[in-house]
Amino acid sequence: MLELIEAWLHRPNFIAFVILFLWGFYIMVTHHNFVKKLIGMYIVQTSVIFFLVAISAKTGATVPILLSGTVPVHAETYANPLPHVLTLTAIVVQVATLGVSLALVAAIYRKYGSLDEDEILKRLE
Amino acid sequence: MRDHAPAILFLLPFVTAISLPMVGLKRREWCRPMALVAVSAMGPVALANLMVVLNHGEIRYAFSGWAAPIGIEWVADGLASVVMVVVSFLALLALIHAGPTSPQTLGQRIVPYYTLILLLISALTGIVFAGDLFNVFVFLEVAALSGYALVGVAGGKALVSAFRYLILGTLGASLYLLGVGYFYAATGTLNMADLALRVPALVTSKAIVGGLIFMFLGLAIKMALMPLHGWLPDAYTHAPEAVSPLLASLVTKVALIAWVRIMFGVVGPDTEIEHVPVLILLEELGAIAAVVGALLALTQHELKRMFAYGGISHIGLILVGVGLGNPTGFAGGLFYLINDAVMQAALFFLAGAVVYQYGARTIDELGCLRGQAPWMTGALIVMAMSMVGFPPTGGFFGKWYIILGAIEAHHYFAVAAVILSTILTLAYFVKLFERIFRDRPVSSVMSPVEAPLSLKVSVGAVSATIILLGVWSDPIVGFLLKTAVPTGW
């Protein structure tokens with residue numbers, strides 16, 4: 001048990017990821033306000049992106065650009081560009097999702113004059 | 001040239017989708033013809049692609065010449081090519097059907113509406129062909145985002161359903177992305193073929209097990225597997241009549257295809273987590289979904305909601321089939337997937353046509369069909385026969401192979417679940433036909449209008465396809481057995 005906790009403490013970034021993910025999920029589940037649900041959703045997405053960044057972090061590495069074609073390449077001195085590209089794409093997806101969801105929330109507010117889930121469900125019946 | 005079919009299939013709807021807003025600025029009435037031309041061109045290309053795959057084996061398409069695992073690769077194997085034919089055929093029919101049944105209040109928004117439909121179709125193409133876990137994520141999100149917008153396009157109740165769909169769908173996508181991250185951290189690659197070489201050695205590692213569970217949870221939300229189906233009935237019921245068939249027939253099924261590719265192509269069907277075979281879990285989740293979905297369908301009063309729950313129960317049946325762990329069940333499950341795509345399209349086409357002609361949304365109002373719409377009732381009878389599983393239709397042969405596979409694997413629990421869900425399906429269609437044939441005919445809510453040709457074409461074509469799938473079940477299942485079954489069985 002003690003070893004497990006020690007292993008966790010060596011990886012603070014993963015603990016941060018778990019806390020963020022669960023926090024966002026908790027907000028999504030418990031809040032009745034649509035905008036707050038969106039905030040929770042955004043935290044969940046961001047936590048996953050944070051996880052992608054955390055697994056690819058590398059100390060002492062440089063940008064993956066070859067300055068000359070003749071010097072032998074030491075792959076271990078460069079940062080891996082692929083996770084960064086994934087992260088960028090995931091951020092683009094996240095922004096698009098946020099745009100669509102805000103448009104939906106705005107349309108709901110114009111139609112029902114409220115953002116509270118209970119109130120809207122009452123008016124739907 | 002012939003190897004470029006996968007890219008062409010994606011680019012046809014995609015290029016049209018991004019050029020529609022420009023054309024639509026001046027000529028709004030061109031949107032529908034342009035969309036129809038692009039999607040009808042997909043059919044022949046998909047067939048040509050299938051012929052190439054039949055004769056020359058699978059196509060591995062490397063984008064910009066960068067070979068996998070460095071570049072992005074698309075794989076057109078037997079399964080993907082067959083599913084692509086189904087997708088392009090149903091997408092065309094859905095577009096034809098969308099003519100009269102699209103919301104009348106769109107006005108200027110008709111341009112983004114068709115753009116979204118085309119984007120959805122191109123994203124489905126991407127999911128079917130993608131040979132890369134991250135590509136699957138991107139296309140899942142493109143499909144889902146266009147799906148959310150299309151569900152909410154008509155406003156009203158649909159907005160709240162679309163919002164709920166968005167929240168759950170995004171949670172699913174985040175979980176899937178998290179699983180992909182785990183796989184990448186453990187193996188350092190995202191290409192499915194490359195992963196298939198590295199994962200078996202690591203299958204006991206916690207990262208792979210965790211990643212697999214997260215990916216499954218994410219895709220289970222997308223395919224609306226039973227306990228995670230909450231978003232589906234509302235979204236499909238309140239979506240515009242023109243949109244529901246497209247979503248119901250294709251989106252959940254394509255997510256299931258993505259899962260089949262990961263489970264059978266990457267991880268391997270014999271994987272065990274702590275001595276529990278993963279396939280058994282799949283099969284039992286599927287069995288529960290098959291029975292409970294049909295049971296919930298029985299309790300519904302709204303036509304579209306009943307069909308939506310029917311679709312949830314069929315996702316379960318497909319999972320039972322692919323989870324049996326033998327070629328017969330696997331091919332049967334995939335054949336049932338094709339059938340289910342056609343049947344869901346058929347049911348929602350019919351529901352849309354009934355709303356358009358008679359304004360009937362609940363099954364109590366269906367009495368207005370009696371004596372007035374013999375062709376529509378006939379089509380409904382064909383669909384019901386296939387949903388329940390009577391011999392000349394495709395639905396029967398799908399269930400037949402699933403049951404054969406279950407007997408072969410000695411999984412009598414699965415046999416019982418399939419039969420129980422069949423009986424429940426029969427029960428809810430009996431309830432439906434009772435309203436049409438036995439109860440007092442009700443006068444329709446609105447004065448009936450003559451069905452436009454496009455509705456007749458779409459409903460007729462899918463009904464004919466249901467019968468044809470039954471007639472041709474033998475060659476199709478034979479083809480799936482030959483090409484789609486994972487190696488090693």
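The values are calculated or read from the model by the stated rules, or taken from the named source; none is laboratory data. Given the structure is predicted, the values throughout are model-derived calculations rather than measurements. For neighbour counting, all protein chains shown are included, and Cβ atoms are generated from backbone atoms with ideal geometry for every residue, glycine included. Ligands, DNA and RNA are excluded from the accessible area calculation, which covers all protein heavy atoms including side chains. Shrake-Rupley method; radii C 1.70, N 1.55, O 1.52, S 1.80 Å.
If you count only protein heavy atoms with a 1.4 Å probe, what accessible area per residue comes out for chain A, rounded to a whole Å²?
65 Å²
In percent, how large is the relative contact order of chain A, given Cα pairs closer than 8 Å and 6 or more residues apart?
Taking the mean separation of contacting Cα pairs over the length of chain A, I get 24 percent.
List the accessible area buried at the contact between B and A, summed over both sides and calculated with a 1.4 Å probe, in Å² to the nearest 100.
Summed over both sides, the interface buries about 2700 Å².
Please state the charge dipole magnitude for chain A, taken about the Cα centre, from unit charges on C-beta atoms (+1 on K and R, -1 on D and E), reported in debye and rounded to the nearest 20.
So the magnitude is around 360 debye.
In debye, nearest 20: dipole of chain B around its Cα centre with unit charges on the Cβ of K, R (+) and D, E (-)?
Value, rounded to 20: 1160 debye.
When the dipole is taken about the Cα centre of the protein assembly as shown, and only Lys, Arg (+1) and Asp, Glu (-1) are charged at their Cβ, what size is it in debye, to the nearest 20?
Rounded to the nearest 20 debye, it is 1500 debye.
Enter the angle in degrees (range 0 to 90, nearest 10) between the Cα long axis of helix A:12-30 and the first principal axis of the Cα atoms of chain A, meaning the one along which they spread out most.
Roughly 10 degrees between the two axes.
Could you tell me which of the pairs B:LYS222/B:LYS431; B:LYS304/B:LYS456; A:LYS111/B:LYS26; A:LYS36/B:LYS157; B:LYS304/B:LYS431; A:LYS37/A:LYS122 are separated by over 22 angstrom between their Cα atoms in the structure shown?
B:LYS222/B:LYS431; A:LYS111/B:LYS26
In a shell of Cβ-Cβ distance under 14 Å around A:LEU102, excluding A:LEU102 itself, what net charge do Lys and Arg (+1) and Asp and Glu (-1) give?
That sum, taken over residues with Cβ under 14 Å, equals +3.
Could you tell me the relative contact order of chain B? Use alpha-carbon pairs under 8 Å, at least six residues apart, and round to a whole percent.
Relative contact order, chain B: 14 percent.
In Å², and per residue, what accessible area does the stretch B:280-489 have when probed at 1.4 Å with the other protein chains present?
Value for the stretch B:280-489: 37 Å² per residue.
Rounded to whole Hz and in sequence order, give me ³J(HN,Hα) for the stretch B:137-154 from the Karplus expression 6.51 cos²θ - 1.76 cosθ + 1.60, θ = phi - 60°, writing x for Gly and Pro.
4, 4, 5, 4, 6, 4, 4, 5, 5, 5, x, 4, 5, 5, 5, x, 5, 8
A:TRP23: accessible area at probe 1.4 Å, nearest 10 Å²?
Around 150 Å² of this residue is reachable by solvent.
Using R₀ = 22 Å, calculate the FRET efficiency as 1/(1 + (r/R₀)^6) where r is the Cβ-Cβ separation of A:ARG11 and A:GLU76; round to 0.05.
So the FRET efficiency works out to roughly 0.55.
Taking loop as defined by DSSP and a crowding limit of 15 other beta carbons within 10 Å, which chymotrypsin sites (Phe, Trp or Tyr not before Pro) in the stretch B:216-265 fit?
none
Using +1 at the Cβ of each Lys and Arg and -1 at the Cβ of each Asp and Glu in the protein assembly as shown, identify which of B:PHE429, A:LEU4, A:LEU20 lies farthest towards the dipole's positive end.
B:PHE429
Which one of B:VAL260, B:LEU197, B:VAL209 is farthest out on the positive end of the charge dipole of chain B, using unit charges on Cβ (Lys, Arg +1; Asp, Glu -1) and the Cα centre as origin?
Comparing the listed Cα positions along the dipole, B:VAL260 ranks first.
Nearest 500 deg cm²/dmol is fine: what mean residue ellipticity at 222 nm does the protein assembly as shown get from its DSSP H runs of n ≥ 4 alone, each adding -39,500 (n - 2.57), divided by its residue count?
Computed mean residue ellipticity for the protein assembly as shown: -24000 deg cm²/dmol.
Which order do the peptides B:283-293, B:243-253 come out in when sorted by mean C-beta neighbours inside 10 angstrom, highest first?
For the peptides B:283-293, B:243-253, the packing ranking is B:243-253, B:283-293.
If one takes the longest principal axis of the Cα atoms in chain A, at what angle in degrees, from 0 to 90 and to the nearest 10, does the Cα axis of helix A:81-112 lie?
10 degrees
I want the local charge near A:LEU121. Using Cβ-Cβ distances under 15 Å, sum +1 for each Lys or Arg and -1 for each Asp or Glu among the other residues.
My count for the surroundings of A:LEU121 gives 0.
Cut-off 10 angstrom, C-alpha nodes, Gaussian network model of chain A. Which of A:ILE65, A:ILE19, A:ILE55 fluctuates the most?
A:ILE65
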